1. I'd like the residue in segment 143-157 that is open to solvent by 20 Å² or more (accessible area, probe 1.4 Å) and among the hydrophobic types (A, V, I, L, M, F, W, C) and, out of all such residues, is nearest to the ligand (Cβ to nearest atom).
2. Going by the conditions given, is Met1 touching a residue at least 12 places away in the same chain (Cβ under 8 Å), surrounded by 16 or more Cβ atoms within 10 Å (Cβ to Cβ) and farther than 18 Å from Glu117 by Cα?
3. Name the single residue that is surrounded by the fewest Cβ atoms within 10 Å (Cβ to Cβ) among those in segment 65-105 being under 17 Å from Ser147 (Cβ atoms) and β-branched (Val, Ile, Thr).
4. Kindly indicate whether any position in segment 171-181 is outside any loop (DSSP other than H, G, I, E, B) and assigned by TED's automatic domain parsing to the domain that holds Leu83.
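The values are calculated or read from the model by the stated rules, or taken from the named source; none is laboratory data. What you see is a predicted model, and the numbers here were worked out from it, not measured in a lab. Because the Cβ atoms are built from the backbone with ideal geometry, glycine has one as well, and the counts that use them run over all protein chains shown. For the accessible areas, the whole protein counts, side chains as well, though only heavy atoms, and no ligand, DNA or RNA atoms are used. Shrake-Rupley method; radii C 1.70, N 1.55, O 1.52, S 1.80 Å.
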Amino acid sequence: MIIDILTLFPNNFNGFLSESIIKRAIDKKKVVINIHNIRDYSLDIHKRVDDYPFGGGEGMVLMPEPVFRAVEAIRNEDSFVILMTPQGVKYNQKIAYDLTSHKHIIIICGHYEGFDERVRSLADMEVSIGDYILTGGELASMVITDSVVRLIDGVIAKDSSTNDSFNNNLLDYPVYTKPRDFRGMVVPDVLLSGNHENINKWRLEQQQQRTKLRRPDLLEKR
Ligand code: 6GU
């Protein structure tokens with residue numbers, strides 16, 4: 001899979017791309033992630049990318065020209081174009097799975113003050129990561145990228161992703177490691193019993209209890 005991200009703040013991605021599972025996925029050639037500066041596609045001599053809104057009002061608006069030129073330079077027949085905006089569909093694990101079917105994803109990071117409405121016409125899908133406002137779409141695009149990349153075959157152990165919370169609309173069961181007694185907080189006996197039938201039964205019960213208590217909305221979706 002190739003993911004091309006269009007942003008005005010390419011340095012925001014340095015840490016994200018240079019550590020842990022994402023870095024390993026890139027090193028193992030499971031994914032190619034390219035960061036593009038929208039400013040590089042400005043035709044203005046001063047490389048301007050935003051301007052005042054017609055009709056007046058607060059803030060600057062990202063102009064359509066550099067965004068269109070960037071997308072036109074990068075897209076091909078396989079591309080799926082996502083626009084990050086708080087007005088998009090609310091992101092979830094199902095959408096992450098669906099996105100893994102694309103060979104090429106282009107993500108446009110929205111601007112803090114907004115983008116020209118005509119930018120919308122470039123997008124196959126508009127995505128929000130939740131009901132709060134970020135200063136820009138960069139963090140949101142990293143959320144999308146991270147959640148999709150970890151689902152690509154060979155990036156993490158298969159068990160890890162098939163047991164994910166939300167796959168079956170159940171939260172994960174509790175897990176423990178050494179020591180058995182930590183400051184008086186002890187590991188449940190069943191986990192030390194070696195009886196895998198009982199362990200699996202206990203884990204499923206824990207998942208159901210936890211989901212009922214913390215996320216009853218998920219149980220309704222089951
Ligand atoms: Cl995609 N962008 C911004 N600026 N804020 C958000 C968001 C996106 N999703 C949730 N809040």
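1. That would be Val143.
2. yes
3. It comes out as Val89.
4. no
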